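Enquirer: Handing you this structure, nothing more for now.
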Amino acid sequence: MAENLERLKQRIPLLEYLQRHNWKPCRAGSRQELVGLCPLHQETRPSFYVNAGKNLFYCHGCGRGGDLIRFVQLFFDLSFRQTLALLEQELTPAPVSQLLEQTAAFYQFQLHRHPEAIRYLEQRGLHDSDLIEEMGIGYAPGGNLRRHLAALDYSFDLLLDSGLISSQGRDSFCHRVIFPCRQRGQIVNLYGRSIGAAFPHRLLPRSKGGLFAWESVSSFSAVVLVEGLFDLAVLWQAGFHNTTCAIGTQLTPAQLSQLAEQPRRSVYIAFDQDDNQAGQKGSRQLAQRLRGDGIRAHIVQLPQGHDPNSYFAAGATAADFTHCLERAQQL
Ligand SMILES: [Zn+2]
């Protein structure tokens, strides 16, 4: 185990990893030491030190430090085990990402064979068949994925490791609408929304990746940020292609750094207007955090009790939503 960890760290130098994730050193401390802004907390004066020789970091601002594994764990908000899986996957990406491709294609094929899934999409206000196809939306009826993947020669262990099946061999996704989450073209996770009584949201036990479809959204100077993929889908359907999603209201440092990579970007936060105020509180905290990064953050108010998805499903038009954007409060 310890040997494997050492090998992993040697194959992915910390500095190289940080630079791949847009970290820029602003000055050199000593020969091997570099200093820059901390990717793990918000700051204006650089206090994040990287020792390239020792492959270690330390931040004098938030007091956190360690090796590559520790950094990835904090940056993507993962468990130790998930972090190792993510790094192993970066080194040998092919089998898992192929497996997720095959799975997503299988679920996509199932969608049109299950009227209950199509009915569910309609009920959520999603009816544009081209968009459904383009997003690769599928349906997991449950109980038949394992047989399909075994026929394609995937081992039980790989299926189990990926989280697609349980140790009893059951499908993890059952009666769920599936959205593939891609990063630089590769599927990094699958999100499943229950259409029945089960807990609504489910992701595979791996990184949720960066912001949804960031490759196509990042070129916009004004971006709409929503909580869920159904919110995103109805907004894309209505023509708001500058919409992205963090899958939840808690952004990982990796997702925050994507929003902040272009200063003077405007971000319109359109989270759920819950009765328990959780969405509103999340929006305000996020807006303050973004403002500190030089981002213009606006909070979009929807009619009480609505999220963008339910708003459109209830008959709102693109003009209605544009009106909400125009009235959004800048923090
Ligand atoms: Zn820090």
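Enquirer: Can you tell me the dipole magnitude for the chain around its Cα centre, using point charges on the Cβ only (Lys, Arg +1; Asp, Glu -1), in Debye to the nearest 20?
Expert: Computed about the Cα centre, the dipole is about 940 debye.
Enquirer: In addition: Express in whole angstrom the spacing between the alpha-carbon centres of segment 130-169 and segment 282-316.
Expert: 34 Å
Enquirer: Under 26 Å between alpha carbons, and skipping anything fewer than 8 positions from LYS54 in its own chain: which lysines qualify?
Expert: Within the straight-line limit of under 26 Å, LYS54 reaches these lysines: LYS9, LYS24.
Enquirer: Antiparallel versus total DSSP beta bridges in the chain: what percent is that, nearest 5?
Expert: 70 percent
Enquirer: Using the number of other C-beta atoms within 10 angstrom as an exposure proxy, rank ASP161, ASP231 with the fewest first.
Expert: Least crowded to most crowded, the residues run ASP161, ASP231.
Enquirer: What's the exposure ranking of MET135, MET1, going from fewest to most Cβ atoms within 10 Å?
Expert: With the fewest neighbours first, MET135, MET1 line up as MET1, MET135.
Enquirer: While we're looking at this one, here's another question. Post the alpha-carbon centroid distance, segment 218-238 to segment 15-63, in whole angstrom.
Expert: One Cα centre to the other: 32 Å.
Enquirer: Just to check I understand the Karplus step: with θ = phi - 60° and J = 6.51 cos²θ - 1.76 cosθ + 1.60, what whole-Hz values come out for segment 36-48, glycine and proline as x?
Expert: Ordered by residue, 3J(HN,Hα) equals x, 6, 6, x, 9, 8, 8, 7, 10, 10, x, 9, 9 Hz.
No lab work stands behind these numbers, since they all come straight from the coordinates. Everything numeric in this text was worked out from a predicted model, so none of it was measured. Quick reminder, even Gly has a Cβ in these numbers, built from the backbone with ideal geometry, and neighbours come from all protein chains shown.
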